[in-house]
Amino acid sequence: MANKHSIIVGIRESAFLLAGLALLILPLFARAQSMAYDAVLTNNAVPVGESTVIQVRFQNCEPAKLPEIPEIDGLTITYSGPSRSSSYNFVNGRQTTLITVVHQFTVSPQKEGTFVIPPIESSINGKVYKTQALRLMVSKGRDYSQYAFIRVRVAKQSVYVGEMFQLAVDLYERNAKLEEKPVIPTDGFIIAEVGQPNQTQTRVGNQVYNRVTFRYLARAVKTGDLAIGPITWKVPLFFKDNSRARRRNSIDSIFRNLVDLNSTVRRDVTLTSDPISLDVKALPEEGKPENFTGAVGNFTMSFEASPTEVTAGDPITLTMTLEGRGALEALKMPSFDSWREFKQYQETSSVAYSDEIGLSGRKTFEKVVIPNNAEITTLPEITYSFFDPLDESYKTLVQAPIPLVVKPNLQAASQPTVIAGAGGFDIPVNIATNIVHIKPHFGTVATGTAPLITQKWFLWAQLIPLLVWGGAFTYRLQKNASGKNPRALRKKRVNSIVNEGLTNLRTLAAGNQSEEFFALLFRLLQEQIGERLDLPAIAITEAIIDERLQEQLSSPEVLQSLERLFHTCNQSRYAPVDSPEELNQLALEAESIFDELQQLPDPIAK
């Protein structure tokens, strides 16, 4: 009986022990059951030109870092961002929370075929988990031409190198929403968008389309049979979704149709145009003027000089205006190499357009010159040559010499006038005519004082100028060290700007911010070169580099690299670089150029 009682007690104790263990294990088991990690495709069969989404889902858990999907040939996979949601359940009176985090990746197929996306790994609570492999079927791209297509128009099929011409890209669409601009290859061309897009309605065949037109100005920079395009344009199309339309009864049908009016399906479609062929001809060598600087178009010239009555050493402002049709930004002021009797300063320029597309207008140059002597009577003749593509010939504009009155500078120190004697010696003009008679006797001899050179106070007094000079020199050093000297202050400020700017260049390159990258690079080049040449930063152009830096730089390769950087900055406004690798390479090249510039003499001799 005692044994039986002991067995019953043992069974009861074991039951309590198992119940206690169950209370401890069940929450952990429930938590393990609620945690989940998987990946799905929102659509596992798409045509070329459309996209699908990989959803990597985490339920009641968080990954240590963002999941990584390996590169797959034929697929472009980009991260689209995360989303988070929560839900609540009540089981036996207890509330449970379900938190789901979804990381989404957009998949854009580039060709047909069957693609296998391997298992995606994630580290959760120190343990590595894998999803199942995903299979994507990509079929031949659908024909969306009845819903949207693009056309390209050019004003001319044959142009000269450097000649401006108009380019238009038209989007014909029925159910699209514009989010991006067309992508135009720029190999061999400088292309810039002008004005705002224009939207109209037009009929093509029996169908009415909305036509959106983007306008551009283009200029060829090399010769030959060139092509613009093919131009691509990523456009989202929206279609009515009938998959959820259900008809239960007449009343339900009415309300269902009202709901389905706003139920649409989006299709991201990349439209492609046919390439446009252009015959780009070289400028003829026959009849090319010696002073031709590459201007192509049709222009008139006006020229002013003020004032025309000056004193030698006073400045004269020359204002030259070229007005007409052509690439105004590319126009250069003619050479003033023959003006040897004038001291010259770098010109400045400004452009004002007279039409909305920037094809016509005027460019104004201002240049300051200073006559060196009073013998100058005129400002020399000015000529400007350009190639007219309409007449297919060179033309030269001429500004006749302008009369100039230059008065002598009376404040200049006059030199003594001398004449040559018969013996070849220079004899002063004013020769003394009265000669004092030589005394035959010394007269009364007086006792003089000791020479100053033998007196101690006089010797000590000679130290005073040295002390004054030493004090002034020390003060000047302190002034420079404290940054009060304008040259030293500017050098310190520019070095700070350049060092900070080079760091920002690398950041912009890594972020593929092309427009901000080239704007900052161009400013840094102007600041650094302007400080070295003691010129305003805004006055630094490619012409300054050729004229002032050619002899100072250590090697022609450095000069070529600097000119290439300037050219790339100017070209970026029309042909932006959209590759982080190229921007990083330019940033590294810029750092070496700035090292060379900072080692130039200070200041550079003019």
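Please treat every number below as a calculation from the coordinates, not as lab data. Predicted model, so just to flag it, every value in this text is computed and none were measured. No Cβ is skipped: glycine too gets one built from the backbone with ideal geometry, and neighbour counts run over all protein chains shown.
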Report summary line: THR223 neighbourhood, Cβ < 10 Å, K/R = +1, D/E = -1, net charge 0
Query - In sequence order, calculated HN-Hα J values of the stretch 60-71 (Karplus, 6.51, -1.76, 1.60; Hz; x Gly/Pro) - result: 6, 7, 10, x, 5, 8, 4, x, 10, 10, x, 5
Query raised in the report: When the chain is fully extended, how far beyond the present Cα-Cα distance does THR319 get from GLN110, taking 0.36 nm per residue of separation?
Result: 69.6 nm
Query raised in the report: Could you give the nm distance between label points at LYS127 and ASN206, where each point is 7 Å from its Cα heading toward the beta carbon?
Result: 6.5
Report task. Counting only DSSP beta bridges with both residues in the stretch 289-407, tell me the antiparallel percent, nearest 5. Result -> 90
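For a footprinting-style exposure proxy, rank MET35, MET333 by other Cβ within 10 Å, fewest first.
Ranked by crowding around the Cβ, least crowded first: MET35, MET333.
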Requested in this report: Going by C-beta contacts inside 10 Å, put HIS103, HIS567 in order with the fewest on the left.
Outcome: HIS567, HIS103
Report summary line: Length gained if PHE238 through GLU582 is fully extended, taking 0.36 nm per residue and subtracting the Cα-Cα distance, is 120.2 nm
Query raised in the report: Of the GluC sites (Glu not before Pro) in the stretch 161-246, which ones lie in a loop per DSSP and count no more than 16 other C-beta atoms within 10 Å?
Result: GLU179, GLU180
Report task. Express in nm, to one decimal, how much length is gained between VAL468 and ASP534 on full extension, taking 0.36 nm for each residue of separation and deducting their alpha carbon distance. Result -> 20.7 nm
Report summary line: Here, trypsin sites (Lys or Arg not before Pro) of the stretch 38-84 satisfying both criteria (DSSP loop; at most 14 other Cβ within 10 Å) are LYS65
Requested in this report: Return the FRET efficiency for the residue pair GLU304, THR223: r is the Cβ-Cβ distance, R0 is 45 Å, and the value is rounded to the nearest 0.05.
Outcome: 0.75
Report task. Quick one: which residues, 5+ away or cross-chain, put their amide H under 5 Å from the amide H of ALA327? H built at 1.01 Å from N. Result -> MET164, VAL296
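Tell me, SER514, SER80 in order of fewest to most beta-carbon neighbours within 10 Å?
In order of increasing Cβ crowding within 10 Å: SER80, SER514.
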**Report entry** Efficiency of FRET between THR507 and ASP187 - r from beta-carbon atoms, R0 22 angstrom, step 0.05
**Finding:** 0.15
Report task. Estimate the FRET efficiency between ALA64 and ARG174 by the formula 1/(1 + (r/R0)^6), using the beta-carbon distance for r and 60 Å for R0, to the nearest 0.05. Result -> 0.80
